[in-house]
Amino acid sequence: LAPSTQPWRSLGEPQAPFSLTAPRWPVECEVIRETIEHIEWVPPEPEPFCPPMGPEQALYTLGEEQGTVVYHSSPALQGSCFTRARVGGAPGPLSSPAAPLTGPQDTTLLFESRFESGNLQKAIKVGPYEYVLTLRPDLYTAKHTQWFYFRVQNMRREPLYRFTIANMAKPKSLYGQGLRPLLYSQRDAQSHGIGWRRAGTDVCYYRGSAGEPPVFRLSWTVRFPHDGDTCFFAACYPYTYSDLQRYLRALAADPARSQYCTVRALCRSLAGNTVYLLTITSPSGAAGKRVVVVSARVHPSESSSSWAMRGFLDFLLSTHADAQLLRRLFVFKVVPMLNPDGVVVGNSRCSLAGRDPNRAYGAALPSSFPGVWHLRAMVQRVLAEREVVLYCDFHGHSRKNNVFMYGCDAGGDGAGTRLRQRVFPLMLSKNAPDKFSFTSCKFRVQKGKEGTGRVSMWRLGVSHSYTLEVAFSGSTLGGRSSHFSVEDLESLGCLLCDTLLDFCDPAPAKLQQCLAEVDALLQQQTGREPGSGGSWSDVSPSELES
C-alpha cells in the first residue's frame with residue numbers, strides 16, 4: 001500500500017488491492033504459531049462492579065522467593081533500542097518458558113503469553129492454587145506495567161485460585177473501585193457461545209513494597225468454569241492489529257461500503273506494520289466539504305478505544321439516514337490504530353521507540369514516531385485547503401469511571417470561544433446520559449500535555465480538538481454501577497456521530513441552548529450569580545478546574 005500523499009483522493013479511483021499481511025515483530029520476540037481468536041458476546045445483563053477491598057483486607061501472599069517459577073518469558077533484547085523486525089518474530093525453534101508437568105496429577109497451571117497483544121513475563125507458584133505474576137514492561141523500557149493478557153491451561157474446576165500481579169505501575173486504579181478482570185473460557189465459547197466476561201472476587205489493589213520506585217499489586221480470586229479448559233485473562237477486551245486487518249479486509253471487499261470508503265497506508269511503523277488511513281465521504285466527492293479527523297489506539301493498552309472506533313466506523317459506513325447525511329456533509333479522515341507495533345507486542349503505553357507517542361507530536365521525527373508525524377502532516381495539508389471542524393483522539397482511562405473528554409482552553413481567548421470549547425462535550429453528555437460525564441471533562445492545557453495529539457492539532461488551527469477518554473471499567477451514571485460491555489463501547493461511536501450532527505446543525509437552537517447552559521455552569525462554578533454583572537471569562541482554566 002502506497003503512503004497517502006493526498007489529503008483525500010477522488011473516490012472514483014480504483015482502490016489498490018487490500019492485502020492482509022501478518023504482523024511484524026521485533027526479532028527478539030518469540031511468537032507461538034497458534035492463532036488466537038475470540039468470539040464476540042454481550043452478557044444478557046449488565047455486569048456489576050464488585051465490592052472493592054481495602055489494602056487492609058489484602059490476603060497474605062507468600063514471598064516470591066518461597067515459590068517455584070513455572071513460567072518465564074522475557075525477550076532477549078539486544079541492547080536498549082529496537083533494531084529490526086520480521087514476520088513471526090524470533091527465528092528458529094521456540095523455547096519452553098513453562099515448567100513441564102510431572103504427571104496427570106500435577107495441578108500446576110500452564111501459562112502462555114507469546115501471542116499478539118499478550119503480556120505476562122513470569123509466573124511463580126507460591127501455593128497449591130496461588131500464583132504471583134509479573135508483567136513485562138514496555139519493550140526497550142523498564143516501566144509502564146499495566147496491560148495484561150495471557151492464557152492458562154490445566155486448571156481444575158473446584159479450587160479457588162488466587163492470582164497476584166506484583167508489579168503494577170500506577171498508584172491508583174479502577175481495580176480499587178470495583179473493576180474486575182476479564183475471563184474467557186474456550187469451552188464456554190465453543191459449547192455455549194459465551195465470550196469475555198467479568199470474573200474474580202476479593203479484587204484488591206494496594207501498594208506492594210516500601211521501596212522506591214513504589215510498585216503496586218493487583219490480586220483476585222477465581223473459580224474456573226471447567227476442568228482442563230483453555231482460559232484467558234485480560235485487563236480489557238483485546239482488540240489486536242490482526243482484528244483491525246480482518247475488519248478492513250471485509251470493508252474493502254464490500255462493494256457497497258467501499259464506494260464511499262477507501263483504505264490507504266498513512267505510513268509504515270518502525271517494525272514495518274501498516275498504519276492505515278481511511279477516507280470516508282459520499283461518492284459525490286470532497287468539493288466544499290469540511291473535514292473531521294478521528295484517531296485511536298496511540299496507547300496499546302487502551303483497547304476500549306478500538307471498540308469505540310469500530311462502533312464509529314460501523315455507524316458511519318451504514319445505510320442509516322444520519323450516516324448518509326454525515327457522508328454528504330463531511331470528509332472523514334480516520335486512523336484507527338496509530339501505534340500498531342505497541343499493540344502487536346502487548347505494550348501498555350509506548351511504541352518501539354521506547355517512548356509515549358502521545359507526548360511526541362510537537363517534536364516527533366518521522367523515523368522515530370512515523371504514525372503521529374504523518375498524522376500531523378496530513379492535518380497540516382488538509383488545513384491549507386479547508387476547515388477541520390473536529391479532531392477526536394480515542395483513549396482508555398484506568399483511574400476514572402465513565403466516559404469524558406479533554407479539550408483545549410488556554411484562557412487567552414474570548415468568552416465565546418471558551419464557551420464553544422465546552423459545547424461538544426455537553427451535547428455528547430445529553431446524547432449519552434448513562435455513559436458520558438460532563439463534570440469529569442477538563443479543558444486546561446497543561447504544559448506536560450503540549451506534545452499530545454489533542455493540543456498539537458489545536459495549535460495547528462483545529463478549533464475543536466478533543467481526547468475522548470473511555471473508562472476501563474464502566475459507568476456510575478443513570479442508575480448504573482456496572483462494567484461496559486463491547487456493545488456499550490461500540491455505541492459510543494454512534495453517539496459521537498449523533499453529536500456531530502447536533503453540533504453542526506444549521507438551526508441554532510441546540511447550540512444556543514448549550515452555550516447558555518455552559519455559561520450558567522461556569523458562572524456558578526466561579527461563584528457569580530447569573531445577571532450579577534460579573535464574568536467568569538477573566539478566570540484562568542486552572543482556577544476554573546481547581
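Above 37 Å, the calculated P(r) of the chain contains 32 percent of its Cα-Cα pairs. Toward the positive end of the charge dipole of the chain, with +1 on the Cβ of Lys and Arg and -1 on the Cβ of Asp and Glu, the farthest Cα among A90, L248, S318 is that of A90. In this simple spin-label model, placing a label point 7 Å from the Cα along the Cα-to-Cβ direction at both R459 and R249 gives a separation of 4.0 nm. A simple charge model with +1 on the Cβ of Lys and Arg, -1 on the Cβ of Asp and Glu and nothing else charged puts the dipole of segment 241-526 at about 680 debye relative to its Cα centre.
The Cα atoms of segment 241-526 cover 52, 42, 42 Å along the three principal axes, with the biggest extent listed first.
What percent do you get for the relative contact order of segment 241-526 when only Cα pairs under 8 Å and 6+ apart count? Once normalised by length, the contact order is 21 percent. Within segment 241-526, antiparallel bridges make up roughly 40 percent of the DSSP beta bridges whose residues both belong there. So, in Å, what gap is there between the alpha-carbon centers of segment 213-238 and segment 166-186? Segment 213-238 and segment 166-186 have Cα centres spaced 9 Å from each other.
Ligands, DNA and RNA aside, I32 has an accessible area near 20 Å² when probed at 1.4 Å.
On the basis of the beta-carbon distance and an R0 of 25 Å, S80 and Q446 show a calculated FRET efficiency of 0.30. Taking F82, F369 and ordering them by how much accessible surface each has at a 1.4 Å probe, largest first, produces F82, F369. What net charge is computed for the residues neighbouring Q153, neighbours being all others with C-beta under 9 Å from the C-beta of Q153, Lys and Arg scored +1, Asp and Glu -1? With Lys, Arg at +1 and Asp, Glu at -1, the neighbours total -1.
As a calculated quantity, the FRET efficiency between S540 and T439 at R0 = 22 Å, using C-beta atoms, amounts to about 0.70.
Of the listed residues R399, R386, R290, the order by accessible area with a 1.4 Å probe, largest first, is R399, R290, R386. Every helix of 4 or more DSSP H residues in the chain counts as -39500 (n - 2.57), and over all residues that averages to -7000 deg cm²/dmol at 222 nm. Looking at the chain alone, DSSP beta bridges between its own residues are antiparallel in about 65 percent of cases. Heavy atoms of the protein chains alone define the surface here; on that basis the chain has 40 Å² accessible area per residue at 1.4 Å probe size. The separation of segment 410-439 from segment 342-359, counted between C-alpha centres, amounts to 30 Å.
For the chain, a simple Cβ point-charge model (Lys and Arg +1, Asp and Glu -1, everything else neutral) yields a dipole of about 1100 debye relative to the Cα centre.
Compared with the alpha-carbon gap, the fully stretched path from A321 to R33 is longer by 99.3 nm at 0.36 nm per residue.
For the chain, relative contact order (Cα pairs under 8 Å, six or more residues apart, normalised by length) works out to 15 percent. Taking the protein heavy atoms of the chain in the context of the full set of protein chains, the accessible area attributed to carbon and sulfur is 52 percent at 1.4 Å. Mean separation of Cα pairs under 8 Å and 6 or more residues apart, divided by the residue count, gives segment 163-257 a relative contact order of 32 percent. Each residue, S481 and E385, gets one label point 7 Å from its Cα in the Cβ direction; the gap between the two is 5.3 nm. Measuring between their Cα centroids, segment 63-109 and segment 459-489 lie 36 Å from each other.
Classification of segment 103-145 by its C-alpha gyration tensor yields an oblate form. The axis ratio a/c (a ≥ b ≥ c) is 1.5 or more, and b/c is at least a/b. Dipole orientation for segment 241-526: of the candidates C514, A410, W373, W373 has the Cα lying most toward the positive pole (charges on Cβ; Lys, Arg +1; Asp, Glu -1). Modelled this way, with points 7 Å down the Cα-to-C-beta line, the labels at E517 and S284 are 3.1 nm from one another. Ordered by 1.4 Å accessible area with all protein chains kept, H299, H72 run largest first as H72, H299.
The values are calculated or read from the model by the stated rules, or taken from the named source; none is laboratory data. Keep in mind the model is a prediction, meaning the values are calculated, not measured. Neighbour counts run over all protein chains shown; Cβ positions are idealised from the backbone, glycine included. The area values use the complete protein model at the heavy-atom level, side chains included, leaving out ligands, DNA and RNA. Shrake-Rupley method; radii C 1.70, N 1.55, O 1.52, S 1.80 Å.
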